[in-house]
1. I'm checking my understanding of the structure. Among residues of region 86-128 that are over 17 Å from the mean Cα position of the chain (by Cα) and either of a type in the set (S, T, N, Q) or within 13 Å of the ligand (Cβ to nearest atom) (or both), which one is most open to solvent (accessible area, probe 1.4 Å)?
2. State all residues of region 218-234 that are within 19 Å of residue 58 (Cβ to Cβ) and either away from the ligand (no atom under 13 Å from the Cβ) or surrounded by 24 or more Cβ atoms within 10 Å (Cβ to Cβ) (or both); if no residue qualifies, say none.
3. Identify the residue in region 203-217 that is in a loop (DSSP other than H, G, I, E, B) and within 15 Å of the ligand (Cβ to nearest atom) and, among all such residues, is farthest from residue 155 (Cα to Cα).
4. Which numbered condition in (1) open to solvent by 70 Å² or more (accessible area, probe 1.4 Å); (2) over 27 Å from residue 135 (Cβ atoms) is the only one that residue 170 fails?
5. Please work out which residue is farthest from the ligand (Cβ to nearest atom), limiting yourself to region 37-74 and to residues that are part of a helix (DSSP H, G or I) and open to solvent by less than 10 Å² (accessible area, probe 1.4 Å).
6. Please verify whether residue 196 is at negative phi and part of a strand (DSSP E or B), treating the condition exactly as stated.
7. If a residue must be in contact with a helix residue (DSSP H, G or I) (Cβ under 9 Å, 6 or more places away or on another chain), assigned to a loop (DSSP other than H, G, I, E, B) and open to solvent by 40 Å² or more (accessible area, probe 1.4 Å), how many such residues does region 184-193 contain?
Amino acid sequence: MCSPIVSDPSTSLATPAGAVRPGDVAARLAAVRQRIEEAAARVGRSPRAVLLVAVTKGVGVELAKAAVAAGQLDLGESKAQELTAKREALGAGVRWHFIGRLQRNKVRDVVGAVSVIHSVDRLSLAEEIAERAQRSARVQRVLVQVNAGDDPAKGGCALDEARGLVAAVRSLPSVACEGLMTIPPLEADPRPTFARLRALRDDLRSEFPEIQHLSMGMSNDVQVAVEEGATIVRLGEAVFGPRTKSA
Ligand SMILES: *Cc1c(COP(=O)(O)O)cnc(C)c1O
């Protein structure tokens, strides 16, 4: 008897059973957009007030290209190296969003390469971004990431530090701070976390009118996020299926 063949999805080069193929991406995007529309309708919001970012981390170039071909021009990456590789492979016309933890020594690879950096969680990072942006005569749009669910496993500044950080970041030259981002705790109801981020945004906006965006909502909580006022949602698995690489 042969020993059973154990397939390891992290090393297999074959398409895993049930994997999403490039030809599936357009329909999956349409289904995601419909989920967003339905959630927006439930709370009387326009679905056009919600920007969909398709997260391509750990996703092959062919699937990412299929998304662009289907009109999905906003794509998200969480690692500088993968961003650089995908930018080269996909060429012009894509609006990239950087959504991962950002080290200062990677800032030079990200500033100017992306439309929005969603993950500014400390002033030293914002200062590095400002310096790089200024040197290349650009204005870099950013969001401040807040750990609104107070989850030790998640990035972002503490809720009670957010006002001070936003005030400091928005006063830097060459940086446009336009809102807030959060990732809710994995196991808990995400709604209170989203509601807290929204309340913080409303509070900040009364003082700083440019603080508009709420980047919140992923594949398994997008409807709740839209109901709670998300203006940007970041979806990976719902569009591209389960990731095979760790990302
Ligand atoms: C991976 C990732 C996403 C997408 O997650 P899915 O569960 O695949 O939709 C969104 N935001 C951030 C910050 C991520 O790292």
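The values are calculated or read from the model by the stated rules, or taken from the named source; none is laboratory data. Keep in mind it's a predicted model, so treat the numbers as computed, not measured. Positions of Cβ are backbone-derived with ideal geometry, glycine not excepted, and every protein chain shown enters the neighbour counts. When the accessible area is computed, the model is the full protein with side chains, heavy atoms only, and any ligands, DNA or RNA have been set aside. Shrake-Rupley method; radii C 1.70, N 1.55, O 1.52, S 1.80 Å.
1. 105
2. Of everything in region 218-234, those that are within 19 Å of residue 58 (Cβ to Cβ) and either away from the ligand (no atom under 13 Å from the Cβ) or surrounded by 24 or more Cβ atoms within 10 Å (Cβ to Cβ) (or both) turn out to be 233, 234.
3. First, the residues of region 203-217 that are in a loop (DSSP other than H, G, I, E, B): 208-212, 216-217.
Filter once more, so that each one left must be within 15 Å of the ligand (Cβ to nearest atom): 216-217.
Details: 216: 13, 217: 15 Å.
Here the residue is 217.
4. Single failed check for residue 170: (2).
5. So in region 37-74, the residues part of a helix (DSSP H, G or I) come out as 37-42, 47-49, 61-69.
Right, trim to open to solvent by less than 10 Å² (accessible area, probe 1.4 Å) and you get 39-40, 64, 67.
Details: 39: 15, 40: 18, 64: 14, 67: 13 Å.
Across region 37-74, the extreme among qualifying residues is 40.
6. Details: at negative phi: yes; part of a strand (DSSP E or B): no.
No; evaluated as a whole, the condition is false for this residue.
7. Of all residues in region 184-193, those in contact with a helix residue (DSSP H, G or I) (Cβ under 9 Å, 6 or more places away or on another chain) come to 184-185, 189-191.
Filter again for assigned to a loop (DSSP other than H, G, I, E, B), leaving 184-185, 189-190.
When the remaining residues are screened for being open to solvent by 40 Å² or more (accessible area, probe 1.4 Å), the result is 189.
So the answer is 1.
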